[in-house]
1. Hey, can you tell me all the residues within the range A:149-182 that are more than 14 Å from every other protein chain (Cβ to nearest Cβ) and not in a helix (DSSP H, G or I)?
2. Which of the following residues is part of a strand (DSSP E or B), more than 14 Å from chain B (Cβ to nearest Cβ), of a type in the set (S, T, Y) and surrounded by fewer than 19 Cβ atoms within 10 Å (Cβ to Cβ): A:S62, A:S68?
3. For the range B:126-137, give me the residue count where each residue is of a type outside the set (S, T, Y), more than 19 Å from B:W28 (Cβ to Cβ) and not in a strand (DSSP E or B).
4. Here are some residues: B:S235, B:S216. Which one is closer than 30 Å to A:C164 by Cβ and modelled with pLDDT under 95?
5. Return the total of residues in the range B:513-526 being more than 7 Å from chain A (Cβ to nearest Cβ) and under 19 Å from B:K487 (Cα atoms).
6. From A:M320, A:M356, grab the single residue that is modelled with pLDDT of 95 or more and touching a strand residue (DSSP E or B) at 6+ places or on another chain (Cβ under 8 Å).
7. Checking the conditions here, which among A:Y421, A:Y428 is farther than 19 Å from A:K218 by Cβ, touching a strand residue (DSSP E or B) at 6+ places or on another chain (Cβ under 8 Å) and either modelled with pLDDT under 95 or aromatic (F, W, Y) (or both)?
8. Take the range A:196-218 and flag every residue that is touching a strand residue (DSSP E or B) at 6+ places or on another chain (Cβ under 9 Å) and away from chain B (no Cβ under 14 Å).
Amino acid sequence: MSNEFPISASISLGFLCILCASFGVLVEGRILGLKSNSDLDDSLVYLWPLPSQLSHGNTTISVDPHLSLEVGGKGGDSSIVREAFQRYRDIIFKHSSRGNAVYDITNIKIIVESDNETLHLGVDESYSLYVAKQDGLSILGDATIEANTVYGALRGLETFSQLCSFDYGTKSVEVHKAPWSIQDEPRFVFRGLLLDTSRHYLPISVIKQVIESMSYVKLNVLHWHIIDEESFPLEIPSYPNLWKGAYSKWERYTVEDALEIVEFAKMRGINVMAEIDVPGHGASWGAGYPDLWPSPTCQEPLDVSKNFTFEVISSILTDMRNIFPFELFHLGGDEVNTDCWSSTPHVKQWLQMHNMTGKDAYQYFVLRAQAIAVTKNLTPVNWEETFNTFQENLHPQTVVHNWLGPGVCPRAVEKGFRCIYSNQGVWYLDHLDIPWEGFYNSEPLEGIDDASAQKLVLGGEVCMWGETADASDVQQTIWPRAAAAAERLWSRREVTPTENIRVTVLPRLLYFRCLLNRREIPAAPVKNELARRPPAHFGSCYEQ
Amino acid sequence: MKVRFFCLGFTLVWLAVGCAGIHGLNLWPMPKSVSHGGQTLYMSKDFGLRYEGSNYTDASGILKDGFARLLDGVEADHVADYNSTHFDHSVLLQGLNVIISSFNDQLQFGVDESYKLSIAATGNPRYVYLEAQTVYGALHGLQTFSQLCHFDFTTRMVEVHQIPFTIIDTPRFSYRGLLIDTARHYQSLPMIKNVIDAMAYSKLNVLHWHIVDSQSFPLEIPSYPKLWNGAFSPSERYTMADAAEIVQYAQRRGINVLAEIDVPGHALSWGTGYPSLWPSRDCQQPLDVSNEFTFKVIDGILSDFRKVFEFRFVHLGGDEVNTSCWSTTAHVNKWLREHHLNESEAYQYFVLRAQNIALSHGYEIVNWEETFNNFGSKLSPKTVVHNWLGRGVAQQVVGKGLRCIVSNQDKWYLDHLDTTWQDFYMNEPLTNITYPTQQKLVIGGEVCMWGEHVDGSDLEQTIWPRAAAAAERLWTPYENLATDPKKVTGRLAHFRCLLNQRGIAAAPLAGPGRVAPDEPGSCYKQ
């Protein structure tokens, strides 16, 4: 454990003077002799995910419901910052405060160094946050967020919102254990969540709510598995019959819908990584263009023998490039069963002409799709089977997306590829029997000791496959377990406890799950053995 | 189904009985009568609200807000990005003209909720006409209209089909309730508001807020400020300002809030702040009948309630009273003997005294059916008996001239997950009640979402879509209801998908309550 953390007593010098000031007023709740804050362990810091470095004091200060925003730096006057401030003001002040009070914090100052708002992989998300009572002696009063980019400022606002809580005794929003000084930055640049809108269509409102909740845990990539064999909900202007593969005429996304989702995500510092999963998961493509099937009776994988297949892929990527500015693009490549190729006469003939086995053709397909992506300035991401099968034949820019099991990222980075960790045994959200500890204890860098090799692990992603998840249960299947992974991806290894996590971590996760509920996110109980199960009995959210 | 033809330049299909769902019109709940043609119009980009001919001026903005929600609901999901210059203006709907005859927007029990919604066959500019007695009828009309609007993925416009149409609608029952329980699990304010929103979508009009029970006391009571020490934790609470906000939020959607304190049997949590309300520390329930302080606290609570809960009724509970603590606790036992009361007489004494306190604050009373079953003839004539134990109770209650709310647990308890939406749909409140005067005493029904296994994570999917099935039973004229629920499956599936689009996590229809979909597929088929 590092020296900086957790620091219950070490207060940076700048704040000593504030501590000396008197904060003698006991909150009314305590006088009334309430149960202590639901038996919260006071030695823990109720922030999720844990910041890199922090120090705090031991006083309680109040926050003005008319909190005002002051911006500074080249990038401070940004609509991303201003709109985020409005969102967080709504979140923080959900209950009406008692009027006519004098508040300690009346102003939040957000200073953003850069006015570059490009949201690329590895964008600077670091920030500093100071919260202290304004008085004549201190240099930094009120709340101050300093960041290099607007996205760092967003992360700081989220942390600030978690420091604030409504006190029912004083009827005002308070920050406990002030003054606070926090310096924070992410451990990994890629912190993802997969949504699958092919097995079940998810309404736009639901996707937005998931994105909103991702910002609460500082996840930063929505991996949108838009299309699969079951349905093709997205409009592709170049091939307008493709979305005939949608489940119904209502279960669709227009280009404008997708653009709006991308913009909504960007306002929250989240990139959208789109996926077309070729050639193995493309049966729905043929609903509009049956030529893409090997035959009407053998519909998958996509017909490798036709140029038309690659023309369609190329056009999809062109159309999607106009929607999804993120440089990473997922080309799938998993679970390819090539039987249809060998059993369909014209494809079989093509294989023979080209002297290819089914496996050769699989590689040919994946590499050709990669080449198309690269010409469009996209970095291909592929599921691990492509690496497991073709190894260094893959394009050198490929990001290998692990899922089958442990040990894949070590092998991929050894070959110089970058890697995303999603080991299904611990990070598949549709596996309802993986408890929160499974998500929390997993380690993307497991088996990778060399520092330069570690850098090739971009991060990780939890996957919400949609076979049994629709608008009615997707959020409680995601939360709170995705939050456990989010802390692994955001927080420095040294600040997250490894021992005794039922004491050191669980109370914080219980608290955070209730925070999600209070923010309208239907996160499921933490302690249940199976995910998305109802609470076993009556009781406090903070204990379930 | 009767089908008649009129020659008006269009073919109008009159549906006197709409039980099977009107082809192409997936309305839930089904209105009283619908006639329609087959033309399609498109919602103009500046589709606006007009009050021409209306007495009601909407000073409080209730209608304006409802209209804004309507636009959000039909447009926000998708980006309507068409270019209207390409369109012949005669196919554009310019707005909605609302004509409300009453100036009054007090949300009283039994307020007129009827409305007439129509679009004429011709006209330039084209308007939707919505006529209602009150703004609350008009809000229902807006809900119906929102269900007629469809985003079309080809034109990128919001389309309204089956024009011309005339919909005439009025509720069958004036009390159409849903119970939520914030004592077994706390529900956050936004969660409660989501429930209210979805109630408005299905035209339910009473939120029965079972605020307090044995397990916790989350509400602030200014007269007795230690009562909310019985909350699960310092943050699982509602201030009176929160409660007022919920009431106002509901009222602006035409929904009343029925507040409940369940005395004397479900009040253990009261004693956390005031232990003298318990018979003793070892025997904490029911409330101490022998202690005058008990009734002072009830009086204080109801006096505080009166400032926030403006509905005509307050619910005083009265169910599941096990009086053994009264006999086994020495000082209560002594009091019983002094007053020559046995346990069941003391139970009656308690309930009737609480009723009198409520009456003194201007409330009419709702009590759970045990009070009627035990001493029905003694209850205040202003009592509404709330059935729950089983069927056949309403019949007896109205036979005695009292009013009744039907919630028989075998069909209308949402926490019974094995009760299917078909069961909810088919439960008929007027079963075996044939005299019109007695039928009128059944003011309606309520589905109950008890919270033992329901918190913020599973509230919505346990309620919906099953509550919607009951909502049609309570809204739609009996003649229009399906006799076989199979006939409404498609229409209810459509409504469930609409709830999903609006961010309400309604569960699939197939299977028991709050079930996960069992395989990939379309929302409309699950």
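1. A:T149, A:V175, A:K177, A:A178, A:P179, A:W180, A:S181, A:I182
2. A:S68
3. Summing the residues that are of a type outside the set (S, T, Y), more than 19 Å from B:W28 (Cβ to Cβ) and not in a strand (DSSP E or B) in the range B:126-137 gives 2.
4. On the way: B:S216 fails: modelled with pLDDT under 95.
Of the residues listed, the single one that is closer than 30 Å to A:C164 by Cβ and modelled with pLDDT under 95 is B:S235.
5. Residues flagged as more than 7 Å from chain A (Cβ to nearest Cβ) and under 19 Å from B:K487 (Cα atoms) within the range B:513-526 amount to 2.
6. Working: A:M356 fails: touching a strand residue (DSSP E or B) at 6+ places or on another chain (Cβ under 8 Å).
Going through A:M320, A:M356 in turn, the sole match is A:M320.
7. Working: A:Y421 fails: farther than 19 Å from A:K218 by Cβ.
Of A:Y421, A:Y428, the one residue that is farther than 19 Å from A:K218 by Cβ, touching a strand residue (DSSP E or B) at 6+ places or on another chain (Cβ under 8 Å) and either modelled with pLDDT under 95 or aromatic (F, W, Y) (or both) is A:Y428.
8. Answer for the range A:196-218, where residues must be touching a strand residue (DSSP E or B) at 6+ places or on another chain (Cβ under 9 Å) and away from chain B (no Cβ under 14 Å): A:M214, A:V217, A:K218.
The values are calculated or read from the model by the stated rules, or taken from the named source; none is laboratory data. Note that the structure is a prediction, hence the values are computed from the model and not measured. Don't worry about glycine lacking a Cβ; one is built from the backbone with ideal geometry, like all the others, and counts go over all protein chains shown.
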